[in-house]
Amino acid sequence: MDYIPGPHQRLFKIFEEIRRFVGERMNVHKVSLDPNCPRDFIDAFLIKIQEEQKNSDSVFTEESLVGSTINLFVAGTETSSTTLYFGLLVLLKFPEIQGNNTHVLSKWRTQGMFVVCLEGSSFNHDSKSYLGT
């Protein structure tokens, strides 16, 4: 693929940047790792790497940590974008749904069941827009 010119070459550079970033985050986590209190996925994986150090057949390696972290990020991004895409398609196909949802959200807000209300282009942070008021 190195010999074929085109925009795909930029994709390889971006992927390497992501891989480098995850590697840097892994190194930061290594320095501050507390085996008794894992903070996130990277900490839990690093603890498992330490536990499996003597097992030569272990799949828990730093390279697999970087790969798994990137896979989780990509999967989350894809899921979110697909959900938004289909949500917008439904609103385009059935515009009456948008009107119904606006009525339901207004009803919830007046009953104090809506946490934050988006009115116009800015968030409304008045006392009625939080739970329990």
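Where a number appears in this text, it was derived from the coordinates with a stated rule and is not lab data. In this text, all values refer to a predicted model and were calculated from it rather than measured experimentally. Here the Cβ positions follow ideal geometry from the backbone for every residue, glycine too, while neighbour counts run over all protein chains shown.
Once you have the Cα-Cα distance between Lys48 and Lys13, take 0.36 nm times their residue separation minus that, and quote the gain in nm to one decimal.
9.6 nm
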Where in region 1-44 does the amide nitrogen come within less than 12 Å of the point 7 Å from the Cα of Ser58, taken along Cα to Cβ? none
